[in-house]
1. Given B:P376, B:P393, which one is in contact (Cβ under 8 Å) with a residue 60 or more places away in the chain and in contact with a Lys or Arg (Cβ under 9 Å, 6 or more places away or on another chain)?
2. Taking the conditions exactly as written (basic (K, R), in contact (Cβ under 8 Å) with a residue 12 or more places away in the chain, closer than 25 Å to B:T439 by Cα and open to solvent by 10 Å² or more (accessible area, probe 1.4 Å)), does B:K341 satisfy them or not?
3. Can you find a residue that is of a type in the set (F, W, Y) and touching a strand residue (DSSP E or B) at 6+ places or on another chain (Cβ under 7 Å) anywhere in segment A:101-117?
4. Within segment B:101-125, count every residue that is without any contact (Cβ under 8 Å) to a residue 12 or more places away in the chain, of a type in the set (D, E, K, R) and within 7 Å of chain A (Cβ to nearest Cβ).
5. Can you go through B:D210, B:D198, B:D263 and tell me which one is charged (D, E, K, R) and in contact with a Cys (Cβ under 6 Å, 6 or more places away or on another chain)?
6. Find the helices (runs of 4 or more DSSP H) located wholly in segment A:202-286 whose residues include 1 or more that are out of contact with any helix residue (DSSP H, G or I) (no Cβ under 8 Å at 6 or more places or on another chain), without any contact (Cβ under 8 Å) to a residue 60 or more places away in the chain and within 12 Å of chain B (Cβ to nearest Cβ), and list them.
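The values are calculated or read from the model by the stated rules, or taken from the named source; none is laboratory data. Since we're looking at a predicted model, the values are computed, not measured. Glycine gets a Cβ as well: all are built from the backbone with ideal geometry, and neighbour counts include every protein chain shown. Ligands, DNA and RNA are stripped out before the accessible areas are found, and what is left, the full protein with its side chains, is counted by its heavy atoms. Shrake-Rupley method; radii C 1.70, N 1.55, O 1.52, S 1.80 Å.
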Amino acid sequence: MSLASTQSVAEIKARNKQLIDEVLKVYPEKTAKRRAKHLNVHEVGKSDCGVKSNLKSIPGVMTIRGCAYAGSKGVVWGPIKDMIHISHGPVGCGQYSWGSRRNYYVGTTGIDTFGTMQFTSDFQEKDIVFGGDKKLVKVIDEIQDLFPLSRGITIQSECPIGLIGDDIEAVSRAKSKEYGGKTIVPVRCEGFRGVSQSLGHHIANDAVRDWVFDKITPEAERRFESTPYDVAIIGDYNIGGDAWSSRILLEEMGLRVIAQWSGDGSLAELEATPKAKLNILHCYRSMNYISRHMEEKFGIPWCEYNFFGPSKIVESLRKIAAFFDDKIKEGAERVISKYQPLMDAVIAKYRPRLEGKSVMLFVGGLRPRHVIGAYEDLGMVVVGTGYEFGHNDDYQRTAQHYVKDGTLIYDDVTGYEFERFVEKIQPDLVGSGIKEKYVFQKMGVPFRQMHSWDYSGPYHGYDGFAIFARDMDMAINSPIWKKTRAPWKDAPRPTLMAAE
Amino acid sequence: MTQNAENVLDHFELFRGPEYQQMLANKRALFENAHDPAEVERIREWAKTPEYREKNFAREELTINPAKACQPLGAVFASVGFESTLPFVHGSQGCVAYYRSHLSRHFKEPTSCVSSSMTEDAAVFGGLNNMIDGLANSYNMYKPKMIAVSTTCMAEVIGDDLNAFIKTSKEKGSVPSEFDVPFAHTPAFVGSHVTGYDNALKGIIEHFWDGKAGSEPKLERQPNEKINFIGGFDGYTVGNIREIKRIFELMGIEYTILADNSDVFDTPTDGEFRMYDGGTTLKDAANAIHAKATVSMQQYCTEKTLPFIESHGQQVVAFNHPVGVSATDDFLMTLSRITGKAIPKGLEQERGRLVDAMADSSAHIHGKKFAIYGDPDLCYGLAGFLLELGAEPTHVLSTNGTKAWEEKMQALFASSQFGKDCHAYPGRDLWHMRSLLFTEPVDFLIGNTYGKYLERDTGTPLIRIGFPVFDRHHHHRYPVWGYQGGMNVLVKILDRIFEEMDKNTNVVGKTDYSFDIIR
């Protein structure tokens, strides 16, 4: 059991404050002053976590953050499976974001579906010098020629596009007209814009508004008859199938999911969304913009939900049902009782192995808060958390609904800070990304990737929680962690070792 | 309900349950505006035809599934090969997140690298302040012995001058004036990751040899008997560099590995995170000027570095990722010729063992057709090995291969009767390869992880050799160079061939007459 759970809250707070002071000492004065605003110890009753967020990362520190391109192509647009997303610019961005987010989908890849492909205009020096618009025109023509079943195209701008002043909007308009109104979406998500991937989400949302919603054709309007129970899942990326294990619950309670954003999503589903009676929003950070827009323009209410762990699932199912009539409310109760035995069995099996274990998180989007409930369902405690690219409203939600008094909070944590915190706090588990995984495992700390579910999943919904519980048990209780220290290091009598 | 607590089903099984299958079918039928399945099938068949291939090869501007990455990745890869060196990428920060993830996904190891986090204001005013602050922060936090700077496309488009920026940063006290900050311009829109490796390595060597950016006198070469060795961008760097060290030691050659990243991508799990481990010492990097010769294992990773070294008075020699008997013979004989050291009995025995293994097994490989893709040197090395096994490297494709590479490949094909109908494809991508595999099928495909899509679509069994290999673990620990490395490659190819044989003969009562126990 970790140090954290054997101490009083006052002791934990004092220790965490001291830890913050310690890590700040390494920085030059100006940097220390800036970083100090991003580190805090949560005080119960405060409206937010008391940290600044969504500010520029400091040069030369190992920030975990990505860029606007990653937010738009990697997160929002990339998983729309029947469109072709051009990584417009040099080859690297598309290559590094190729197939790495596990947005599961069903379709014939390369024919009517393109989710695990990498399309790029592969900029060369001449394109920088002379501009890339002509190249883009040809790229679109060639896509049209080779992939006649693609439903649309997006242009995901990499850094040079904005810098050299290409007019991708003009190209998009002209080519769309030429191809009979085909949806062609320019997205100004150059990586240097903003402070993290977060701005990319916003830009991508705006592109949906301007280049999909504002151009919906009568044919798309007529695709199906509405029902009073139509909802859209927004901000579930179907990592390892998350959106599917969520969708099935909504359908079981009597709702009809007319669209899934973005995992296993299609252009038709984007176009259908304004017909929803309710938008239900999982990743608030990445998709609140478009949900607010639909509320204003089409009068569609939206509500946040959290499908990690039975406590939050129950809360969320009831919250969603409250927007509908008794039929749906009963449906929600039916779903809750149907899965309760499964949840009881999962918790009975795993809670004894995980009770009292401590966790430190550092992830993007919603997970630094949303998964806390799932850990608590297993008897675990989250002792530190922070967002890669959260905004103040994320920290408000975290403070008001999720974290306990004394939790260490670190916004846009630097590699250095995170390592020191983990070293001192010695949690039983760290949940973060691929860049952090091996650092902490070297230190002998169990780890789960909480972006990709460490290639497992789904983690959402009741079916997902069983996998979540199994995976956390597997990580923490793996016998390998007992072997990180060579036995002769602790031997009472010195064992002879060969000289180096 | 599909899920159960006793035997938790994850995505492999969960979604095959009837509830999920029904749900997905409804989604497709009602909401996805899916194409008629017959139409999907028609296009799928059409995409296999010579007609489609012609259209596909007529592409001029669109690149689909390229087998290359961008320059700064190679710069980071080379930079971490020096003692306590922190790679610092001047430009937007997202790129660095990508390089770190990409390398970590291949090696299953941490990758340390920082950026100067340039944003809109830097795009307008230049990134000087980001460099000044960035160097100071990195220096204080991560206590490196050297910071190796490279650039992203953003910094290159706005034209930031690294030399001047680093000088100014030092004047402002970001790092001490004598602290080593070599640099290289590595625009992502020129060349590929192998170009970046070359530029960064040259930048580092130039820094030490040519007077540390004008702050010290240039080094005077005082020739000694040492040999410098450069591995190049190589997904097998952990196994390969260690194998090369073993060979040098067996031969009694004094050597310096330039950019030795074998340890930093293979630190132990023992309770401590080592951000830096191993690497070429800075002293050795400087003293490398005195060496008798420099050997590059990969010509296309050292196109600028080698001429630079040669201009300082050393012999230089470049190989093309040698794999197998003749290529290793050539490598060892060249070492022997340069150093005057004999090739020891032990290596001769290893050679004999590889020949022995090939003689035992080549019947299973002889006459089989292969398609290969990857970096230009790797393709050359693998094609050479296949030719000496009596196989036909029918399609050899390199997205970052040049016209000159193509000529060299064609000359290799011409040198063997097994190369008669083989072709090199420079500048092509994996979507071109797809057409090649449909219209001129081969027996096996060799390449990196991304080939699994080609394997699925065309039914060509994939042998994973290259970078990146994300979906198999620990391959990078086993060398592909030297006779022992040749043995590893041989086994890898044979295993796949035998697996295919078993797969194609395992239907009881139908095809199992060839399901042999002895092969």
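1. On the way: B:P393 fails: in contact (Cβ under 8 Å) with a residue 60 or more places away in the chain.
The conditions single out B:P376.
2. Details: basic (K, R): yes; in contact (Cβ under 8 Å) with a residue 12 or more places away in the chain: yes; closer than 25 Å to B:T439 by Cα: no; open to solvent by 10 Å² or more (accessible area, probe 1.4 Å): yes.
When the stated conditions are applied, B:K341 does not pass them.
3. Taking segment A:101-117 first, the residues of a type in the set (F, W, Y) are A:104-105, A:114.
Remaining after also requiring touching a strand residue (DSSP E or B) at 6+ places or on another chain (Cβ under 7 Å): A:105, A:114.
Scanning segment A:101-117, I find at least one residue that is of a type in the set (F, W, Y) and touching a strand residue (DSSP E or B) at 6+ places or on another chain (Cβ under 7 Å), so the answer is yes.
4. Here the count works out to 1.
5. Numbers: B:D210 fails: in contact with a Cys (Cβ under 6 Å, 6 or more places away or on another chain); B:D263 fails: in contact with a Cys (Cβ under 6 Å, 6 or more places away or on another chain).
Result of the check over B:D210, B:D198, B:D263: B:D198.
6. Working: elements: A:218-221, A:242-252, A:267-272.
Output list reads A:218-221.
For every residue, the table says whether it meets (1) in contact (Cβ under 8 Å) with a residue 60 or more places away in the chain; (2) facing another protein chain (nearest Cβ under 7 Å).
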{"residue": "B:T85", "(1), (2)": "yes, no"}
{"residue": "B:H90", "(1), (2)": "yes, no"}
{"residue": "B:Y99", "(1), (2)": "no, no"}
{"residue": "B:G127", "(1), (2)": "no, no"}
{"residue": "B:N130", "(1), (2)": "no, yes"}
{"residue": "B:S138", "(1), (2)": "no, yes"}
{"residue": "B:P144", "(1), (2)": "yes, no"}
{"residue": "B:S150", "(1), (2)": "yes, no"}
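Matching residues to (1) over 22 Å from A:H85 (Cα atoms); (2) buried (at least 20 other Cβ atoms within 10 Å of the Cβ):
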| position | (1), (2) |
| --- | --- |
| B:L9 | yes, no |
| B:F12 | yes, no |
| B:E19 | yes, no |
| B:A25 | yes, no |
| B:N56 | no, yes |
| B:L62 | no, yes |
| B:A78 | yes, yes |
| B:C95 | no, yes |
